[in-house]
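Taking it in order: structure first as structure tokens, then the write-up.
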Protein chains: 4
Amino acid sequence: MSANFRSDNETPVADAIMEAILEANHGTAWAYADDDWSNQLDQAFSELFRTQATVVPVSTGTVANSIALATVTPPWGSVFCHSGAHIYGDECGAPEFYGNGLRLVPINGGHAKVTPDALERAVRANEGHGVHSYKPSALSLTQATEGGTIYSIDEVRALCDSAHAIGMNTHMDGARFGNAIASLGCHPAEVTVEAGIDMLSFGASKNGCMAAEALVIFNQPQWRETAERLRKRSGHLLSKMRYVSAQLLAYIENDLWLEMARHANRQAAKFAEAVENHAEANLEYPVDANEVFVKWTKEGFDHLISQDIQFQLWPGRDDLARFVFGHSTSDEETELLIKCIH
Amino acid sequence: MSANFRSDNETPVADAIMEAILEANHGTAWAYADDDWSNQLDQAFSELFRTQATVVPVSTGTVANSIALATVTPPWGSVFCHSGAHIYGDECGAPEFYGNGLRLVPINGGHAKVTPDALERAVRANEGHGVHSYKPSALSLTQATEGGTIYSIDEVRALCDSAHAIGMNTHMDGARFGNAIASLGCHPAEVTVEAGIDMLSFGASKNGCMAAEALVIFNQPQWRETAERLRKRSGHLLSKMRYVSAQLLAYIENDLWLEMARHANRQAAKFAEAVENHAEANLEYPVDANEVFVKWTKEGFDHLISQDIQFQLWPGRDDLARFVFGHSTSDEETELLIKCIH
Amino acid sequence: MSANFRSDNETPVADAIMEAILEANHGTAWAYADDDWSNQLDQAFSELFRTQATVVPVSTGTVANSIALATVTPPWGSVFCHSGAHIYGDECGAPEFYGNGLRLVPINGGHAKVTPDALERAVRANEGHGVHSYKPSALSLTQATEGGTIYSIDEVRALCDSAHAIGMNTHMDGARFGNAIASLGCHPAEVTVEAGIDMLSFGASKNGCMAAEALVIFNQPQWRETAERLRKRSGHLLSKMRYVSAQLLAYIENDLWLEMARHANRQAAKFAEAVENHAEANLEYPVDANEVFVKWTKEGFDHLISQDIQFQLWPGRDDLARFVFGHSTSDEETELLIKCIH
Amino acid sequence: MSANFRSDNETPVADAIMEAILEANHGTAWAYADDDWSNQLDQAFSELFRTQATVVPVSTGTVANSIALATVTPPWGSVFCHSGAHIYGDECGAPEFYGNGLRLVPINGGHAKVTPDALERAVRANEGHGVHSYKPSALSLTQATEGGTIYSIDEVRALCDSAHAIGMNTHMDGARFGNAIASLGCHPAEVTVEAGIDMLSFGASKNGCMAAEALVIFNQPQWRETAERLRKRSGHLLSKMRYVSAQLLAYIENDLWLEMARHANRQAAKFAEAVENHAEANLEYPVDANEVFVKWTKEGFDHLISQDIQFQLWPGRDDLARFVFGHSTSDEETELLIKCIH
């Protein structure tokens, strides 16, 4: 038996999502996001976030992030984010491409989080002098973070307040937003729009969907035109968008998304507990969601590999590894992993 | 009963394709196009086109076209295409976006086709003077054309020869490539790589797939890096690419794609025959594939609308309409349409 | 003796302009357009155009045009211009570069002019359908035109009215604006801001300056930030801008610019008259300013070349040539030319 | 009496340079850098650097830097530079604009210098994983640095060797290159092409010219087309380039450039000595060239201001100021400054 903890990107599509796709597959439907499913999104997400929401469905988190940032940042604007953020290190410059050379400014910070102090220092060091420098324009937070930790509602609010105070807009990269909400136990609006987030990349692909994400714009319907132009112009306006939108609707219906995220988080928590009780291995970060970063010996990790356990050794490190738990991770797989580390 | 002939973009996913998606939905798979399905594409398309093929799977024709053109055209290069081409009028400048301000030069021509003479005149009028002007860099042909006509093998070869003679690369937008091959009855290589086409946007979404297209590069493996960088950088590298690649593999297996295209073409041919025999209505173009452009009276079209027949009145015209037939168009629907025009 | 009528781009700097440069060359001055000369420009041009003017001094007409268009056109916007316009055929895509892939739509028209009818047809043919198409965003007129003709005040007003009526902004490429005003004999405001022009590339380099142009924005001070950001970001904010601004101030002082332009126009008029009276040669366009396009025989042009007369045979034509007269063209040179064509 | 030490950007044009401009101002000359002066540049700089040099004259250092970097860096490539580099903090993203969203990676380092160790760490931290990350593509060094220090020949060679070893190209921003060579006392080739520099932004505007810089490409003539296309496309191909090229030729003739730089450096050295002997004030960096960074009290700086001494308080600091000495700084001015700090 083997088990794969490399990434939730590698999980299959959840059955309930696939059923929604099959149900959408009858007869013809208007193309280019003018179908019955896509036309429900604004309403459905407005309810989910209990505010006016403008929804732009797309296929990947990278494009959702890039459109969001390019919508509120001029080419001579800068976007502040954590140095470990996906937009900074894993998107090959997609935000810079969509934003025609905007600049990302990376901020270091423990537990993969930005703090208000660090943000303020970074802004001060980069705001420069008038026309000669980039203009601070946006803040992007990742929730759950790349370290598997979670910003509290208060942390998000403090950061958004700092950003808004100097005229910046705020974005949340929610590639693992479901895991964050499942962990926080709060209403999804509380840690987003109500805490000051202007735009959310609402991720679904990692948590049971096939290729479905939603850029959700809160209370700024005037941003729709730019966002939709960028979607079209980048080739992301699918002719058969109904299949994406049907996924999104099924995903948020009856809290399916939270149920799947809770499952993943539970598996991670079980493994985290085992690591905490381990003689040699240690947790690198608190385990708030579905990712567990483990510090251990090379021999330890080699042993896991020999047992057909798949995970990611962190680039450039042989004493750190990441284990990700998904909606499809079974109890047996988690137990196998726990058994193997002992 | 109603029937929809607005666009093959509005058709559902074919059963065989959906089955392939379902079959791919087991267990985990490497993300980002490193899965077992994606890894088969180069081989499968090399066989299909009986030459070395580099395949870049994506979700839309717009991105396939844009990556293709941006890969061979510098920002100061121009791309020649028919004035009715999708890349010119229907992609909101996606080629210009991916190509950082490259220029499309539209060429008029009967039957929605470019001729070698017209191409030569357009190049001469636009090649300009050294560094002051755009540099002619690529030719893009649409097959089947936006008028539902088809370039013969000899026509493609003559145009590619003209383009290559002055150092331009050649691209074919094959959004309806299946319909073209089904109509020509030739080997797919004959009207592409063997006639001088360097890159093909191999369309599948209009002909039974969900959101699956392939950029196929012939005999130029060194273009892969740029193409794949552009795909990633634009957010088109799906984490779960297996579902796109599984569609593409099923689509070309056992000539499924040609079977579906033949069906659509047959429906179009039946309707075209009816129009030809009609007292008042006329065909605007020869009907070579699955699109029928009809010149008729406003009253005639109004009658169809009153009968719940859906089709596209051509923008700015009330005497011209387009009827598109797809893999899912039933004999009954076509017969209903024929009945209604009489 | 030889004489050069190839282009007013080849003329030297006028003495009065050089004196202004020398006068500016004392002591230190604030860098980056914050010097005493640059700080006078808004006021000086507001007086010249008897309205509120925002002036952005630069070194070339290409950058003035490009910043102007990029300031009012989104990347998915289109700019309408004559097919012979400098921005379309002679700037290697600078507007597309500054505008991140905006599109220029060329319009044919006699006497190198756009007409309201032709503009309307072009807009209708290109406005397309929503997010799928470029959005008509700006009209750019060249005054004097590339054919050496001039738009009348009424012609400019009619075109600007058409443009504004559909929400487009208007730009005038005034590379030879001095020649146009000298010919029209009107106030410079009458054929620009008062006729509906929103932005003017005020050319000076061709008419006696070294490398000095001004982007003049009328009554839209809120466009300054974008224009100045683009100037900096493209490397056009000279540290020693005082030398450009000193040229501009001297150029418009005491109507020096008009005096120089009148001189050039007079030389052109003399030659035009000689061509009109010529047995074989003919004028291609009315001669309104300082350019004369002559249709003649290859033998005729060859004869001129043998007499050391320099001019430009039109690209791709051996029966058409352009003769340009500048501020420095002497009576002797013009007389030599006239003698040589007989 | 007042004295201005704010920036060498504020100095006037040197007499010898102005004479060269006046000498070039006779008769017509071919436009667009095809004049007799521009045509001498390759030869003149090939001699100056005793190797094959391709010269692209332009008006600003920002455009020279941006074209250089965009010529060797794909949009998905990264450029490594010191965190204090002009390209990073003072060009409003010009490199990102010309390079269509390339990324600058800032490296911290004492004395405003990059070290091979710091470079290696930065590359390792940013090279990432294949298509997901920017590709390390170029190293840019500033000589003299933004801190007024100078890289030794060995330091440049070691950094270039590191860069070349991993396939990166190398660029030197020589905005104050004359000051560096005057200080090093070496042949200009030794610390550039012979130490591994591929491209040099040869600055002249700060050291006596009006608006003249040269992008010098060493032994890579095939880069000319891209560089010249970018120059045209950005509006930097002056029609009357003769005036820029005449400046450049005069600047390097008979070591004028070094003579002017030596003068500036001498003034800086005199002031630096006074600071070293000062009871309270201190030098922030070694003074290798023409810039002196002084740490002192707010009261001290206020006193200077009250004496009409102009200099730059460092942004965000009231205990640090920069004093720059130029070709036109007189002995009297320097002595006044020295007197005032005591």
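The values are calculated or read from the model by the stated rules, or taken from the named source; none is laboratory data. Here the structure is a predicted model, which means the values were calculated and not measured. As a convention, Cβ positions derive from the backbone with ideal geometry for all residues, glycine included, and neighbour counts pool all protein chains shown. The accessibility values were calculated without ligands, DNA or RNA, using every heavy atom of the protein model including side chains. Shrake-Rupley method; radii C 1.70, N 1.55, O 1.52, S 1.80 Å.
Here are the numbers for this structure:
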quantity: Filtered residue count, region A:166-181, keeping only those that are within 18 Å of A:Leu215 (Cβ to Cβ), open to solvent by 10 Å² or more (accessible area, probe 1.4 Å) and not aliphatic (A, V, I, L, M); calculated: 2
quantity: Selection status of D:Gly93, at pLDDT 95 or above, within 25 Å of D:Arg224 (Cα to Cα) and among the small types (Gly, Ala, Ser); calculated: yes
quantity: Neighbours by Cβ (under 6 Å, 6+ apart or cross-chain): first from region C:140-164, under 23 Å from C:Leu215 (Cβ atoms) and aliphatic (A, V, I, L, M); second open to solvent by 20 Å² or more (accessible area, probe 1.4 Å) and assigned to a helix (DSSP H, G or I); calculated: C:Ile150/C:Ser183; C:Leu159/C:Pro116
quantity: Considering residues of region D:194-222 that are open to solvent by 20 Å² or more (accessible area, probe 1.4 Å) and touching an Asp or Glu at 6+ places or on another chain (Cβ under 7 Å) only, the residue farthest from the other protein chains (Cβ to nearest Cβ); calculated: D:Gln220
quantity: Residues of region A:140-165 satisfying the condition of being small (Gly, Ala, Ser), open to solvent by 10 Å² or more (accessible area, probe 1.4 Å) and out of contact with any helix residue (DSSP H, G or I) (no Cβ under 6 Å at 6 or more places or on another chain); calculated: A:Ser152, A:Ala165
quantity: Index of the failed condition, A:Leu184 passing every other in (1) without any contact (Cβ under 8 Å) to a residue 40 or more places away in the chain; (2) surrounded by fewer than 22 Cβ atoms within 10 Å (Cβ to Cβ); (3) over 16 Å from the mean Cα position of the chain (by Cα); calculated: (3)
quantity: Candidates D:Gly84, D:Gly61, D:Gly77, D:Gly89, filtered to the one that is small (Gly, Ala, Ser), more than 14 Å from chain C (Cβ to nearest Cβ) and open to solvent by 10 Å² or more (accessible area, probe 1.4 Å); calculated: D:Gly84
quantity: Among residues of region B:109-131, those that are over 27 Å from B:Ala189 (Cα atoms) and surrounded by fewer than 16 Cβ atoms within 10 Å (Cβ to Cβ), counted; calculated: 5
quantity: Residues of region D:193-212 satisfying the condition of being assigned to a strand (DSSP E or B) and either at positive phi or aromatic (Phe, Trp, Tyr) (or both); calculated: D:Phe202
quantity: Residue among A:Ala31, A:Ala16 that is surrounded by fewer than 24 Cβ atoms within 10 Å (Cβ to Cβ), more than 7 Å from every other protein chain (Cβ to nearest Cβ) and either more than 20 Å from the chain's Cα centre (by Cα) or part of a loop (DSSP other than H, G, I, E, B) (or both); calculated: A:Ala16
quantity: Hits in region B:112-135 - residues which are of a type outside the set (A, V, I, L, M), out of contact with any Gly (no Cβ under 6 Å at 6 or more places or on another chain) and away from every other protein chain (no Cβ under 13 Å); calculated: B:Lys113, B:Pro116, B:Asp117
quantity: Total residues in region C:25-54, condition touching a residue at least 24 places away in the same chain (Cβ under 8 Å) and over 30 Å from D:Glu19 (Cα atoms); calculated: 8
quantity: Failed criterion for A:Phe323 (all others in (1) at pLDDT below 95; (2) within 26 Å of A:Ala14 (Cβ to Cβ) hold); calculated: (1)
quantity: Selection from region A:84-123 of residues that are among the basic types (Lys, Arg) and closer than 26 Å to B:Lys232 by Cα; calculated: A:Arg103, A:Lys113
quantity: Single unsatisfied condition, D:Ile150 versus (1) part of a helix (DSSP H, G or I); (2) farther than 30 Å from C:Thr60 by Cβ; (3) of a type in the set (Val, Ile, Thr); calculated: (1)
quantity: Filter result (part of a helix (DSSP H, G or I) and either within 7 Å of chain B (Cβ to nearest Cβ) or open to solvent by 70 Å² or more (accessible area, probe 1.4 Å) (or both)) within region A:1-13; calculated: A:Asn9, A:Glu10
quantity: Condition check for D:Leu336: open to solvent by 20 Å² or more (accessible area, probe 1.4 Å), of a type in the set (A, V, I, L, M) and touching a residue at least 24 places away in the same chain (Cβ under 8 Å); calculated: yes
quantity: Within region C:275-295, tally of residues that are open to solvent by less than 10 Å² (accessible area, probe 1.4 Å) and among the small types (Gly, Ala, Ser); calculated: 2
quantity: Region B:232-252: number of residues that are more than 9 Å from chain A (Cβ to nearest Cβ) and open to solvent by 10 Å² or more (accessible area, probe 1.4 Å); calculated: 3
quantity: Test: C:Phe301 is part of a strand (DSSP E or B), out of contact with any Gly (no Cβ under 9 Å at 6 or more places or on another chain) and crowded, with 20+ Cβ neighbours inside 10 Å; calculated: no
quantity: Restricting region C:37-58 to residues that are within 14 Å of chain D (Cβ to nearest Cβ) and open to solvent by 10 Å² or more (accessible area, probe 1.4 Å), the residue that is farthest from C:Gly27 (Cα to Cα); calculated: C:Ser38
quantity: Residue list for region B:305-320, filter: under 23 Å from B:Pro12 (Cβ atoms) and open to solvent by less than 30 Å² (accessible area, probe 1.4 Å); calculated: B:Ile309, B:Phe311
